[in-house]
Structures are given as structure tokens and as C-alpha cells.
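The values are calculated or read from the model by the stated rules, or taken from the named source; none is laboratory data. What you are looking at is a predicted structure, and each value in this text was computed from that prediction instead of being measured. Cβ coordinates were reconstructed from backbone atoms using ideal geometry, including for glycine residues, and neighbour counts include every protein chain displayed. Side chains are part of the model used for accessible areas, which takes the heavy atoms of the whole protein and leaves out ligands, DNA and RNA. Shrake-Rupley method; radii C 1.70, N 1.55, O 1.52, S 1.80 Å.
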Amino acid sequence: MATASAHRTRPRVGLQGLWPWALLAVLFLGLPWVFHSNASLTVLSLIGINIVFALSYNMLFGQTGLLSFGHAVYYGLGAYFTMHALNGFVAAGIAYPVEFLPLVGGAVGLAFGAVLGFLTTRRAGITFALISLGIGVLVASLAIILRHFFGGDGGLSGDPTQGTHWFGDTLAHQIQVYYFVAAWCAVCIVAVYFYTKTPLGHIANAVRDNPERAEFIGYNPHQVRFRVHTLAGLFAGIAGGMAALTNGIVTPDALGFVTSGEVLMMVYIGGAGIFFGPIIGAAIITFMQVLLSNYTNAWQLYIGLFFVAVVMYVPGGVANLFKIHMPVVRYRQLGRLLPAYALMLTPASVFILDLVFMVQMAYQFHSSSQIFLNQSFSFLGIGVEVHSGLTWALALLILAAAIGAGSLAARYVNRAWDDVAAHIKAARGEAP
Amino acid sequence: MTTTALQLQDVRKHFGPAEIIRGVDLEVSSGERHAIIGPNGAGKSTLFNLISGRFHPSAGHIRLKGDEITRRSAFAIARSGLSRSFQVTNIFHNLTVFENLRCAVLWSLGYRYNFWRRIKALKDVQARATELLELTHLGPRRDLLAGELPYADQRALEIGITIAGGADVILLDEPTAGMSVEETERAVALIQRVSEGKTLLMVEHDMEVVFGLADRISVLVYGQIIATDTPEAIRSNSEVQKAYLGETPDQEPRHAGSQ
Amino acid sequence: MLDNLIFTVLNGTMYGLLLFLISSGLTLIFSIMGVLNFAQASFYMLGAYFGFQLMGWSNYWVALIVAPILAGLLGAGVERFGLSKVHSRGHVAELLFTFGLSYLILEGVKLGWGVSSVNYAVPSALDFSLFSVGGLSYPAYRIFMMGVSVLVFVFLYLFLKKTRLGIIIQAALTHRDMVGMLGHNIPRIFMLVFGIGCALAGIAGVIGGNILVTEPSMALSLGPIIFVVVVVGGMGSLGGALIASLLIGILQNYMTNIDATLGSVIGLGHVQHVPLAELLNQPVSQLAAIMPYFLMIVLLLVRPQGLMGTVEA
């Protein structure tokens, strides 16, 4: 969805200038040097795959206004077909380079994106969302039934180190996997960015904003959505292919609702109205998934809470948070905001810490035995009594206090922003 | 030799039991500036919706330059050279002014669903959009988001989008609605500029605008046209006065009907 | 043969009425608030779990009354403290909020009751066979379920037609903006409507959770079917939802009784070496669960606005 820009800035698709691209290049090339353990490289590879997946999703959502709950279908089918291609080429001795196998996934994503897209894009809005959900469930169910192709619950596996490689013995080491993913990711980022600059990319935006008016300027919204859906399927399929080759296995989850929900959350949290939003969102969510799951069982709950918080309070996503501060930095008004932010820091941190504390305490509750099994647990190195009603009461009290203090601090933040906005308007020579 | 640009033949439209358009016959000649006036609820916007394909007539025929467009979809009609503006501004609010105009020229310049060329590289698109920008005097607002424009600029953009595709038959639905005197003057000047050599059909409540611009006027009352004639004839038509203007000939209200 | 048919119709109606209970709440919320409650099936799940817990603490009858009320109160609370903040941002934001909510409810249920199914059983008072047809007995509980469903609809009908608030809600069904302008307290109406919608799902959960399995994935498996119901019936149409619910219910039950494979039913016998062979060799009973989605696709092709929906402008 498009962001409501509070200021009359020029570009609304990208952040200004070349620096985001430079930053991206630096990160792509530099991160594997800083984080060079196999585990880190795996995470970075996962992020790269999810970036492509998320960008493909945002072609539909943020750029064309199509909310899909079943986008994982194209990702998953791309993954499955790629795996079949890998195994098939290896078995038949066909010298197709493994590094280019994601193209198979892409072709499959394109084909299904076209066929299913033509059907489903006849409707838009909520009806499209629900239909995409139904199709997603249908395909996931069929994947279980068609065991021969999909390998049943266990999925399909393959060895990407087998077969022909054109770039040395690619995919044998984690660092090579990383570069494989990074290369495809870079290509796809550029390709999707290019798409946003084409006539179709612009008309898709118009159809998003006002499908009726788009008709009156000569465009059939169904045809526009259908084509975008096809292209989105292409990139989702490539992402799926990358995933298959990176993980060495594809399971039915790849097609399922949970995966579709994840990419939606990535895009929304990152920011659907800005090109780099999905990139940021993919990084954040992948990181949270991998990191948090090491520390707590509650990681899915945290991601859910984060998502709901973004929906309620940061509708433009994390990328938009950056974007709205750019004119502030440019007009050197940051100094006015910092004191208010500092004031907000304490209640906000207390709130988050307390919430985490309560969630972690709750997760000591063992549902099967319906009691708190452990008497106490350790939170940040402090032993806490879980049974004690006093602990809970105190935690709730602190939460309430944090909310109260936070609301007060929020007023200061709002006032600071009004101040800043007025100064920026003056600096631009606009009427107040 | 004048050709008929737009013809309505016994057009009817009912919504459920209510018949809103009850048999309208109208012929607009090529190059003519034709205004439709009438009290609120007469069905003027409905008539526009029927002509432009937003919905279809229950009966009757609509012909554009001889072509039957009665059942055609809105985008097909737009492609056939008929374009309309909206009473309630209907622009692409999250695109800039320039992008709005650029999108509006794409189809007419032949760039269907192109996704392999950068739009900035399409010289003819850029040129035409810039031309429209100048025509509508929106140059200074080029890179502002359309949704944040002041009202009068949005109306100008509305007209700009309408004429962008080079349609020969232009329908303007209350183009000066809600405007001050100066804004109305500017809008009228714009309308005169853009309708040069085209066929113009417009709905208007502002009688000064109507009598100033129109070659002929049709009066729509309760879904039927009760008179079609030159402005002077309409002004002195007693039936029209009775049904609509409600004033004697020497007391003409500036605005008839409500805004 | 006839008794099979009778059972199919009975079971199909029972299941269809259950679907309608849930989807009527969804349609009510959608028609009045414009919000598609993605978490509707989650409240169905909560109804089942609350029912299970309350039945464990006291008895089924208490559960039957209290669980839906709890679900409704939770729904009202969600609207008051969460969803209301999102209304100004448009329908997509509201939908995303309820999507996030469904996620949170799922995690909450897993936290509270674990990831495997719980033994939510039919109360012994109703666990007997009511009648027999041709040697097959029909459980009383199922008739009870249908009875409760019908009773709920009667109450809903009376509420909408006879009470002042109900009439306001009816007006809001077709003229949402007008109702606000008439000075009625929209936030309060929204809270009530959302609460009632969730309570309806909750009732379905209490009465259905012991027949169908009560487990964390129940919302994820039933949710999409509810959405198929409203798409097939036509968004915003209660009548359409009823027809679609019964259609899906009866059709599904009819299919679960057919052990023959899909291939043999369409005259192909056992199929081999064809890409979709496995699909055709599946017994029809196994395909009953995905039939609603095929129905949705067919309807999409033939009548995109749903059985009783209006064509989108």
C-alpha cells in the first residue's frame, strides 16, 4: 500500500539518490567477510532468498494493490520443479549448469502465475485475497495427494553439488552458496527495480490507486493485474529455485499458508510503499526467525506482536520510518527530535522488556500438565518466581506505568514533529 | 459538412423500479460544444456514465462517430476516442502530477503493457506529458503528489488526464464545480484551449459558463430532454424556465440548481 | 440406500449449519463494518477451547453459555482497544490487523493448551442415539447441534427485527454512513457487532469442537472454507452464505461416503502413467476436504460475484 507522505518529497518509490544502492552493494560484498561462520552464511543466504520472494510479493501488493494470501504457491512450485530438474538432469547426464537452475523455477512460477493469475485477477480487493487463499490451500492439499511428484510429507531432496557447474565446484561450501544466492538476488533486485520504471510498472500503480480511472484512460485493469501477477510469479519461482538449491530439500510447507503469511509480514513490516521496504523486511524477519528461535519458544508470538504493532502504529513500515526522517536530516532539524526521542526511550524499553518478561514467564507454563512446571526461571540472569501472583501483578503494573509514561512522552514527540514540520516548511519557502 | 460525433437514440436506464433516464435522444455534431443543464436529480451524471461505459443502458443505442458503443466496456470506449472527466475528482492520488499525465497518454501512444523499456526513455510520452503539463498550467506542481494538490489544481489535473489520450469526443462533468470566480475563469480558459477542434459535451450548473461556452444546450429534466437549442433560444424558452430556471427572462440566476 | 441419503442430508445440514453460524458472524461484521475478520475461525477455535476448559471445570451447559460470551467479550475488547485504531486506514489495514490477530490467537492457544489435540468430548447427557434408520443409529448430539444453530438464528432474527439496536444494525447493513450521521454511537455499535460476530463463531466452536477435533490447527483448516462460503455465496449476503454453507456441507458429506476412486466415478477406472493419476486414483472420500476450493474456482469462472452477490462496480 502506498504511504501517505507527510511532506511533499519528490520520489515516492525509492529513497533518494544512489546511496541505498551503494549501501546494498557494500552489504552484499562485505557481510560475508564480517560474518563468515557457516551458520551466519546460511542466514545471509536465507535472507537473500527471502529478499527476492518479498520483492516479488510487493509487485502484487504494494505496487498493484493486490493482497494475496497464496503467493507461496509460485515459490513452492518453483522450488519443486527446480529440484526435479536438478535430479533429472543429474540422472540423465544433461550438462545444464546448476547455477542457472533457478531459471527453471522462474519459468514454472511464470507459467502458473499466468494461468492462475488470469483466473484470479478478474476480481480485486478482498475477493482476490480470499480466492488466492483458497487456491493456496488447494495447491498445498494437492501436493500431499500427488505423492509421486511432490514426495509426500517428507518432501523432495536433491544434491546441488552434483551435476554440472560452470563456476568451479559451486555450492559445495557455504561461502559459495552465499555468492550464488547473492548473485541471483542482485540480478532480481535490479530486474524488479527496472520493472517499476516501465510503463507496466506505472500503470500498475495507477490501477492500484484508482482502477476505475485506469479504465477511462484506456487500460483494462484485469489485463494489467494479470500481467503483473505473471511477472510476480516469475520472481517467486526464482526464489523458490534458489531455496531448493540452497537447502537441498523442498517440503510441502513451501507451498503452504504459513509461508504465504510470512512473506506478507515481511513486506508489510519492511514497508510496502517503498521499493527497498521488502528488502528491509525480509532481512528483519529472517533474522528474527533464526535468531529468536535459538533463545525462546515464543519467537513466533514475538513476530506476530511485531507485525500487529506495525499495522497499528507504523503503517508505512520500517522503510517509511527512514524515509520520513530524510527531510529532517536534510534540513538539519534532527536536533529538535532527539530530545523527544530520548524521553520516549525509557518507557518504550521498559514496556518491551516487561512484555518480553511476561511472555517468557507465560511460556514456562506447561500446557499439557496445565501447571507451571518450573518454580522459577532465569530472566536476564535474575531468578524469578513464576508461581508468585506478586510477580505477575508487579509485571502488569510496570506495563501500565510504561504505557502511561509512553503516552505522555508521545505527546512530546508529536509536538517536536509539528515543530520540525513548521521549520521545514519555512525553509522551503512554503506557506505555513 | 458536419458529421455526428455522438448520437443517443431513445436511451433508457432503470435501477430496479426507478427509471432514471427515460428515453433520451441527442445528437452532437463534430466540433460542437454542447452543454447539458438541468435540475439536480435529472440524471445528468447517469447519462455521462451511460455514454462512457461506466454502466450500460437498459434500452436504446449510443453511437460514437457511427460506431455502436452501447454495450462496450469503459476501457474500450476510451480507446475508441471518447474521454470523460468526473464531478468528484478521480485522479491517481499516490502518483505525482507528471506521472498522472504520463499514465494517461500511454495507451494512445501505443505503449500497451510494455515492461521492457524505461518510461523515461520514451521520448514521445515524456514530450506529450510535458505538453499537457504546460497546457494545464501545472508545471510548478510537476512532482507533487496528486492527492496533496489544492482543489482547483486537482480539477485542472482532472481535465488534463481526460484530454491526455487525444480523444476527439470529450465529456466534462461539472468541471467548475466548487470553484471561485477566478478559478472558474481559469478553468473556462483551459476548457476552451483543450476543446479546440474537438467535440465537447459538458454538464454544468454555472449558467455563465454554459452560455459563454456552449454552441447548443440541452435541458435534461427527470430523465428526458425537454429542449435542445441555441443558448438564446433556451434562455427564452418558457417551458425550460418553468421546469428549471424558475425565473422570468430578465432575472437570470448565475447558478441554477444546487452545487 | 435411502438411509444413507438421509444421513448424508442430516450430517451435511449439521455441518452446513455450523459453517453458517461462523460465516454469518463474518458476514455481519463485513456488512456493517466493512471489515473482513480474518480471525473469524480463530474465535471458533477459542469457543471450542473455552468450552473444553469450562466443561472441565464445571459442566457442558455452563460451557455452552459462558464460552461464547467469553469469545464475544474478547472480540469486543479487540475492536475497542485494537481494531478501532486501524479503521481510518482503510479496509486492507483492517484485514491485515485481523490477520495478525489470527496469528496471535493461534500462538496463544498453543501456549495455553499445547500443540496436540485436546479431548473435548460430547457431554454424556447427550451421548446417546436418538433414532435409528435402517440399522444405523443417529446420535442425539448432532440433532442438538442443529437445534442450537436454529435457535441462534431465531434469536438473531428477532434481535435484528424487533429490538431498537437490531433495527439500527439492519440500517447500517445497507446504509452505513447514514447511520453515523443520524447520531448513533458508531464506536459502540462496532464493538457490539464485532463482539456478536465473534460470539457466533464461539457458539459454533462450543457445539462443534467435540464432534470435529479440537486442536490448534482447527482454525487454519476451517478458516479457508468459511472464506469460500462467503465468496461462493456472495460477499455480504447472509442468504448466499446459508445456501453456500448447506451446499458445501451436504456435498462434502455426500463425497465422504463414496469409497470409489475419482477416476472410476468419471468412468476411467484405475489410471496409470498420466500426470494426475494419483488424483484420479484417490477415493472420492479423500477429496471431500478440498471440494470447496474446486467449487470456488468453478464459480469464479461462471459467476464471479457469487451466488447472491451483486456485481462489483
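No other residue among B:81, B:110, B:66 is more than 8 Å from chain A (Cβ to nearest Cβ) and more than 20 Å from the chain's Cα centre (by Cα) apart from B:110. Within segment C:266-275, is even one residue in a helix (DSSP H, G or I) and hydrophobic (A, V, I, L, M, F, W, C)? Looking through segment C:266-275, none of the residues is in a helix (DSSP H, G or I) and hydrophobic (A, V, I, L, M, F, W, C). Is it fair to say residue A:183 is of a type in the set (Gly, Ala, Ser), open to solvent by less than 10 Å² (accessible area, probe 1.4 Å) and either within 12 Å of chain B (Cβ to nearest Cβ) or part of a helix (DSSP H, G or I) (or both)? Judged against the criteria, residue A:183 is not a match. In segment A:112-135, the qualifying residues are those that are more than 16 Å from residue A:64 (Cβ to Cβ) and not aliphatic (A, V, I, L, M), and the one that is nearest to the other protein chains (Cβ to nearest Cβ) is A:134.
Taken together, the residues in segment A:33-47 that are buried (at least 18 other Cβ atoms within 10 Å of the Cβ) and more than 16 Å from residue A:291 (Cα to Cα) amount to 0. Residue A:253 meets the conditions (1) more than 13 Å from the chain's Cα centre (by Cα); (2) open to solvent by less than 40 Å² (accessible area, probe 1.4 Å); (3) within 14 Å of another protein chain (Cβ to nearest Cβ) in every case but one. The failed one is (2).
Of all residues in segment A:158-180, none satisfies being free of Cβ contacts under 8 Å to residues at least 12 places away in the same chain, out of contact with any Cys (no Cβ under 6 Å at 6 or more places or on another chain), within 14 Å of another protein chain (Cβ to nearest Cβ) and not small (Gly, Ala, Ser). Which condition breaks for residue B:170 when tested against (1) farther than 30 Å from residue A:316 by Cα; (2) open to solvent by 30 Å² or more (accessible area, probe 1.4 Å)? That leaves (2) as the condition not met. The residues of segment A:110-165 that are closer than 30 Å to residue A:178 by Cα and not in a helix (DSSP H, G or I), listed by number, are A:151, A:155, A:156, A:157, A:158, A:159, A:160, A:161, A:162, A:163, A:164, A:165. Residues in segment C:195-252 that are hydroxyl-bearing (Ser, Thr, Tyr) and either in a helix (DSSP H, G or I) or under 20 Å from residue C:116 (Cβ atoms) (or both): C:214, C:217, C:221, C:245. Determine, yes or no, whether residue A:192 is touching a residue at least 60 places away in the same chain (Cβ under 8 Å), open to solvent by less than 10 Å² (accessible area, probe 1.4 Å) and away from chain C (no Cβ under 11 Å). In short, yes.
Considering segment B:23-49, the residues that are within 15 Å of the chain's Cα centre (by Cα) and under 21 Å from residue B:232 (Cβ atoms) include one that is surrounded by the fewest Cβ atoms within 10 Å (Cβ to Cβ), namely B:31.
For segment A:343-395, the tally of residues that are under 29 Å from the mean Cα position of the chain (by Cα), at pLDDT 85 or above and surrounded by 16 or more Cβ atoms within 10 Å (Cβ to Cβ) stands at 11.
Can residue C:76 be described as over 14 Å from residue C:216 (Cβ atoms), part of a helix (DSSP H, G or I), at pLDDT 95 or above and within 22 Å of the chain's Cα centre (by Cα)? So residue C:76 fits the description; yes. Scanning segment A:293-334 for residues that are over 26 Å from residue A:414 (Cα atoms), open to solvent by 40 Å² or more (accessible area, probe 1.4 Å) and within 14 Å of chain C (Cβ to nearest Cβ) yields a total of 4.
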